[in-house]
Amino acid sequence: MSLPTKTKQLIVIGIYLPSRTKQAPAVQKILTKYGCSIKTRIGLHESSGEFCAPYGLIILEMSGSAETINEMIADLKSLDQAIIIKKMLFKT
């Protein structure tokens, strides 16, 4: 007989910055504000010896409450209409 397992949620947020160098300081300020709710953060942008992309992608694995995560998303959306935010929810 196995015990029932508690369902957990894994929440991943993707943030696309079309103008990374201009938008990053304000985004960083918000991510710092909600830092205790961010379990993992990965920043990606295309780069080589001759090229550094003006756009970037931030991937966040969240650990905070749904309310806090939604507040963070609302703060990010209020910055710039060009920033694209996607939320993925996995039930494990």
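See the values below:
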item	result
With Cα atoms, 0 to 90° folded angle of helix 20-33 axis to the chain main axis	30
Listed pairs K6/K33; K33/K86; K8/K77 exceeding 21 Å between Cα atoms	K6/K33; K8/K77
Over the chain: helical MRE at 222 nm, DSSP H runs n ≥ 4 each giving -39500 (n - 2.57), nearest 500	-9000 deg cm²/dmol
For I59, net neighbour charge (Lys/Arg +1, Asp/Glu -1) across residues whose Cβ lies under 13 Å away	+3
Per-residue Cβ neighbour rank within 10 angstrom, fewest leading, E50, E61	E50, E61
Between helix 66-77 and the chain: long-axis angle, C-alpha atoms, 0 to 90°, nearest 10	10
Excluding exposed DSSP-loop trypsin sites (Lys or Arg not before Pro) (at most 11 other C-beta within 10 Å), longest clean stretch of the chain	9-92
Neighbour-count order for I15, I84, I59, fewest beta carbons within 10 angstrom listed first	I84, I59, I15
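Values quoted throughout were computed directly from the atomic coordinates according to the rules given, and no laboratory measurement underlies them. For clarity, every value in this text was computed on a predicted model and none was experimentally measured. So basically every Cβ, Gly included, is an ideal-geometry build from the backbone, and we count neighbours across all protein chains shown.
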